[in-house]
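S.K.: Have a look at the structure that comes next, please.
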Amino acid sequence: MGLRIYNTLTRRKDVFETVTQGKVGMYVCGVTVYDLCHIGHARSVVLFDVIYRYLTKCAYDVTYVRNFTDVDDKIINRANQLGENWKDLAERFICEFYTDMDALGVLRPTYEPKATEHIQEIQDIIKKLISTGHAYEVDGDVMYAVESFTGYGKLSGKKIEDLVSGARVEIDQKKRNPLDFALWKSAKPDEPYWDSPWGPGRPGWHIECSAMSVKYLGERFDIHGGGADLTFPHHENEIAQSEAANQGGFANYWIHNGFVNIRSEKMSKSLGNVLNIRDILKSCHPEALRLFLLSSHYRSPLDFSDESLKEAAIALERLYSALVVLDKLIEMDGASKELPSEIDNMNSRFVEAMDDDFNTPRCLAILFEAARCINRLNTEYGSMPEKLPCPELLSSCRNDISGLARNVLGILNEKPAQFVQDVRHAGTEELSIPESEINNLIEERSQARKEKNFKRADEIRVMLSDHGILIEDGPSGTTWRVKDKT
């Protein structure tokens, strides 16, 4: 059936058809750079990174645009609070953004435009809107006339009359209608400004995305995305001003990701529960956070807790451990020409899941099913190589697992054996027993078990446990890890 995307505009899953065959234009609203990025930002950026990766895997020529809002009231206010130049502050937090997203393995988009570098394009659109009666000037400000656009509300489902009567819109005597919004703001003392036909000032928030998307993608392009909080008013206003300026042309598919809750509460500064990416990564591997972000469907709310992040870390280790086992099975030179169904058709099932509105939880389930299958092969046939699939089939399976996980989901980029060793032995610097002694005791325990001296074997297990070491017996032998302190 091909790729189907839930389109916020149509409120259904639509078959994906591109404006230009073989090419995809995608614009995603980026961050306003006045602070460190939080986990909500991470969810959106990782989602669209996965979409970008998958469309590329599907052989589309993708032009991916993600902007920076680098002039805004929040930036100016924060700079004033810190006694810092607003432009320096914005550049500083752009660098911090890259630090966080590079840690999460996020690919760089094709273009990353900044609002301040597109003032002329912004003014050109505003001129066009004024000339066609969709905008008006008042005291150096330029306002968009919402009532001039008959389709206002079609993305969010909101009606103009309900919005006005709801008294939720800021009252401004300059506006002809309370819903009208600023395209250009006249300069205030000690604030950044640019010259314009309406006097010195700076662009409003919404207009910058319309200007940058049309510059890099044209008046009609394929995908526009962002967080659910941007649906109204930001994206609604984008549609109004863009379609009015472009005579109907704009984005065909609108993708919005759900919110991140913190321990079942809405994340907000007022509640003091905003979690920065930087702080989260102090206690977990970046791929564990990435796996967690992809563990729920992107349109659903995602509830963060220490427990859920810990589960993601364990799940990630399980995948890496399966690759270690698989590497061992490949070396055993099996003879069977058949693969179990769980891994034989893994690639096609993965693609089917991604084609169903980028269903990453199902994709992860397919990878975990493959991991269980690999461990079962090891348990059942680890001592009977002749019954194992031949190395060619197992190597192909390994390439599928690694390729899908790495190239689409952005995980499993580390060397499996090293990753598992590092995770299992993390925290050894705090142990009261050296690793060499741990290994000697495990070897002694293994010999005791062979000699059926289970009393001594149990004594060693208890001794290691008292030192904070958990031992695990498996088909490949005995392994150990540092016990979870929690």
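The values are calculated or read from the model by the stated rules, or taken from the named source; none is laboratory data. Bear in mind that the values here come from a model prediction, so they are computed numbers and not experimental data. Cβ placement follows ideal geometry from the backbone for every residue including glycine, while neighbour counts extend to all protein chains displayed. The area values use the complete protein model at the heavy-atom level, side chains included, leaving out ligands, DNA and RNA. Shrake-Rupley method; radii C 1.70, N 1.55, O 1.52, S 1.80 Å.
S.K.: Residue 117 label point, 7 Å along Cα→Cβ, cut-off 19 Å on backbone N: hits in the stretch 45-88?
M.R.: 63-72, 86-88
S.K.: Moving on. For the chain, what are Rg and Dmax over the alpha carbons, in angstrom?
M.R.: Radius of gyration, then largest Cα-Cα span, for the chain: 27.5, 93 Å.
S.K.: Run through the DSSP bridge list for the chain and note the antiparallel percent, rounded to the nearest 5. List each step's numbers first, then the result.
M.R.: Numbers: 24 of 47 bridges.
Close to 50 percent.
S.K.: Between residue 453 and residue 333, what FRET efficiency follows from the Cβ-Cβ distance if R0 is 41 Å, with the result rounded to 0.05? Walk me through the intermediate numbers first.
M.R.: Details: r = 35 Å, r/R0 = 0.85.
It comes to 0.75.
S.K.: Let me ask something additional. Sequence gap at least 6, Cα distance under 8 Å: using those rules, report the relative contact order of the chain to the nearest whole percent. Don't skip to the answer; put the middle values down first.
M.R.: Working: 719 pairs, mean separation 73.3, N = 486.
Worked out over the chain, it gives 15 percent.
S.K.: Can you tell me the accessible area per residue over the stretch 185-283, all protein chains present, probe 1.4 angstrom, in square angstrom? Please report the intermediate quantities before stating the final value.
M.R.: Values: 4150 Å² over 99 residues.
I get 42 Å² per residue for the stretch 185-283.
S.K.: Leaving ligands, DNA and RNA out of it, report the carbon-plus-sulfur percent of the accessible area of the chain at a 1.4 Å probe.
M.R.: So the carbon and sulfur contribution to the accessible surface is 48 percent.
S.K.: Would you tell me the accessible area of residue 41, worked out with a 1.4 angstrom probe on the heavy atoms of the protein chains, in Å² to the nearest 10?
M.R.: Accessible area of residue 41: about 60 Å².
S.K.: Here's another thing I want to ask about it. Which distance in nm do the two modelled labels at residue 191 and residue 307 give, with both placed 7 Å along the Cα-to-Cβ direction?
M.R.: The two pseudo-label positions are separated by 4.7 nm.
S.K.: Let me ask something additional. Sort the following peptides by mean Cβ neighbour count (other Cβ atoms within 10 Å, averaged over residues), highest first: 408-420, 376-388. Walk me through the numbers on the way to the answer.
M.R.: Values: 408-420: 18.6, 376-388: 15.0.
Averaged packing, sorted descending, gives the order 408-420, 376-388.
S.K.: Per residue, how large is the accessible surface of the stretch 61-183? Use a 1.4 angstrom probe and give square angstrom.
M.R.: About 49 Å² of surface per residue is accessible.
S.K.: With every protein chain present, what is the per residue accessible area of the stretch 380-439 (1.4 Å probe, Å²)?
M.R.: About 51 Å² of surface per residue is accessible.
S.K.: As a test of the definition: which semi-axes, in Å, follow for the stretch 200-241 when you take the square root of five times each eigenvalue of its alpha carbon gyration tensor? Largest first, please.
M.R.: On the way: eigenvalues 58, 48, 13 Å².
Over the Cα atoms of the stretch 200-241, the ellipsoid semi-axes are 17, 16, 8 Å.
S.K.: Still on this structure: Kindly work out what percent of the DSSP beta bridges joining two residues of the stretch 177-262 are antiparallel, to the nearest 5. Write out the running numbers ahead of the final one.
M.R.: Details: 4 of 10 bridges.
Among the beta bridges of the stretch 177-262, antiparallel pairing accounts for roughly 40 percent.
S.K.: How far is helix 306-331 tilted off the main Cα axis of the chain, in degrees rounded to 10, range 0 to 90?
M.R.: It works out to around 50 degrees.
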